[in-house]
Amino acid sequence: MAFVPAPGYQPTYNPTLPYNQPIPGGLSVGMSIYIQGVASQHMRRFSVNFMAGQGDEADIAFHFNPRFDGWDKVVFNTKTGGQWGNEERKKSMPFQKGSSFELVFMVMPEHYKVVINGSPFYEFGHRLPLQMVKYLQVDGDLELQSINFIGGQPAAPQSHMPMAIPAYPGPVQSYPQPNNLPTMEGPPTFNPPVPFMGRLQGGLIARRTIIIKGFVPPSAQSFIINFRVGGTGDVALHINPRLNERAVVRNSNLNGSWGPEERNVSYNPFGPGQFFDLSIRCGMDRFKVYANGQHLFDFSHRLTAFQMVDTLEIKGDVTLSYVQM
């Protein structure tokens with residue numbers, strides 16, 4: 001079965017540069033754009049542009065431009081009618097040459113909120129209407145691993161939430177889903193602390209998809225993702241990347257006893273200093289797990305009544321940037 005992204009979650013993996021593609025549904029308040037990649041060892045600059053069109057003459061609503069030029073900085077601007085506006089700068093360089101990064105643009109009612117490697121970095125006030133923005137362009141001295149468009153809703157006046165991590169305005173999917181598509185029931189959680197404990201409202205029904213985006217610290221040894229039954233403590237699926245063993249161990253714990261381990265994977269995405277994008281889909285007879293858009297493993301249900309699973313637990317040596325259940 002091919003990988004099917006969950007509604008409201010539109011990933012592209014390993015895109016070539018220059019990247020210049022439409023934003024699904026156009027830009028709107030509540031949307032987040034996640035860009036994961038690696039800065040070139042010889043990086044001088046790269047850019048991310050939110051554009052009204054694809055051509056060189058198209059207006060740019062938001063120009064994000066890190067520059068390694070002896071006075072390392074990040075430049076922010078707009079371009080209308082072929083003319084650049086007033087430049088804003090931050091004399092701070094959050095990217096390291098040769099290192100992985102996660103760059104997030106959160107579209108807020110008054111501004112773009114830029115979060116880099118889990119830390120808020122800058123807020124750039126809207127100068128052009130969001131409705132004009134139709135394309136995303138990325139180019140420069142970097143390697144792209146993934147671009148994810150998540151959520152969004154029609155732009156409308158909303159109260160601003162003055163929080164370090166903004167509250168999401170509502171569930172990603174607000175439209176009926178065909179029966180053959182995966183579903184996600186609740187709004188996402190941005191940058192949750194670890195250990196993380198989340199409740200799966202309505203239980204783990206078939207076709208439900210859980211998205212987990214995170215980072216494996218360079219010193220990490222191990223972390224755990226558990227799908228639990230809150231009332232009994234049973235673990236229907238235990239995912240345990242072990243960095244020191246270079247293994248991704250899966251198991252279940254039913255009635256207080258661990259079952260046989262499963263270890264075979266098509267590849268291992270959980271390397272030290274690496275970002276990952278995990279999609280876990282519950283089927284009628286098994287879990288299907290994808291990492292960074294590639295099939296990672298299947299795990300047949302050992303708990304027959306898998307619908308009783310009501311808790312997602314994540315703990316150990318991992319940093320989370322996004323969880324949606």
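The values are calculated or read from the model by the stated rules, or taken from the named source; none is laboratory data. As the structure is a computational prediction, the values presented were derived from the model and not from experiment. All Cβ positions, even for glycine, are placed from backbone atoms using ideal geometry, and neighbour counts span all protein chains on display.
Residues of the range 63-91 that are touching a residue at least 24 places away in the same chain (Cβ under 8 Å) and either farther than 13 Å from V138 by Cα or in contact with a His (Cβ under 8 Å, 6 or more places away or on another chain) (or both): F68, D69, V74, F76, T78, T80, G82, G85, E88, K90.
Considering only the range 40-54, how many residues are among the aliphatic types (A, V, I, L, M), modelled with pLDDT of 95 or more and either over 15 Å from Y112 (Cα atoms) or surrounded by fewer than 12 Cβ atoms within 10 Å (Cβ to Cβ) (or both)? So the answer is 1. Using the structure shown, decide if H238 is farther than 20 Å from S100 by Cα, at pLDDT below 95, part of a strand (DSSP E or B) and not assigned by TED's automatic domain parsing to the domain that holds Q36. No, not satisfied. Could you go through the range 146-155 and let me know if any residue there is within 25 Å of P24 (Cβ to Cβ), free of Cβ contacts under 8 Å to residues at least 24 places away in the same chain and touching a Gly at 6+ places or on another chain (Cβ under 6 Å). Scanning the range 146-155, I find no residue that is within 25 Å of P24 (Cβ to Cβ), free of Cβ contacts under 8 Å to residues at least 24 places away in the same chain and touching a Gly at 6+ places or on another chain (Cβ under 6 Å), so the answer is no.
Whenever a residue of the range 251-270 is surrounded by 15 or more Cβ atoms within 10 Å (Cβ to Cβ), its partners that are aromatic (F, W, Y), lying with C-beta atoms within less than 7 angstrom and at least six residues away or across chains, give the pairs N251/W258; E262/F299; V265/F297; P269/F276; F270/F276.
Checked against (1) under 22 Å from I150 (Cα atoms); (2) of a type in the set (F, W, Y); (3) touching an Asp or Glu at 6+ places or on another chain (Cβ under 6 Å), F223 passes all but a single condition, namely (1). Among the conditions (1) surrounded by fewer than 21 Cβ atoms within 10 Å (Cβ to Cβ); (2) modelled with pLDDT under 90; (3) among the aromatic types (F, W, Y), the only one that Y9 does not satisfy is (1).
Can you name every residue in the range 123-133 that is within 22 Å of the chain's Cα centre (by Cα) and surrounded by fewer than 18 Cβ atoms within 10 Å (Cβ to Cβ)?
If the condition is that a residue be within 22 Å of the chain's Cα centre (by Cα) and surrounded by fewer than 18 Cβ atoms within 10 Å (Cβ to Cβ), then E123 is the only one that fits.
Looking at the range 55-95, the strands (runs of 3 or more DSSP E) lying wholly inside it that each contain 1 or more residues that are of a type outside the set (K, R) and surrounded by fewer than 16 Cβ atoms within 10 Å (Cβ to Cβ) sit at 73-80, 88-90.
Answer yes or no as to whether I33 is more than 17 Å from M108 (Cα to Cα), surrounded by 18 or more Cβ atoms within 10 Å (Cβ to Cβ) and among the β-branched types (V, I, T). The answer is no for I33. Of all residues in the range 99-128, exactly one satisfies the criterion of being without any contact (Cβ under 8 Å) to a residue 60 or more places away in the chain and assigned to a loop (DSSP other than H, G, I, E, B), namely E110. The single condition among (1) under 16 Å from G26 (Cα atoms); (2) over 17 Å from the mean Cα position of the chain (by Cα); (3) modelled with pLDDT of 95 or more that L136 does not satisfy is (2).
Residues in the range 270-308 that are aromatic (F, W, Y) and either more than 20 Å from the chain's Cα centre (by Cα) or part of a strand (DSSP E or B) (or both): F275, F276, F287, Y290, F297, F299, F306.
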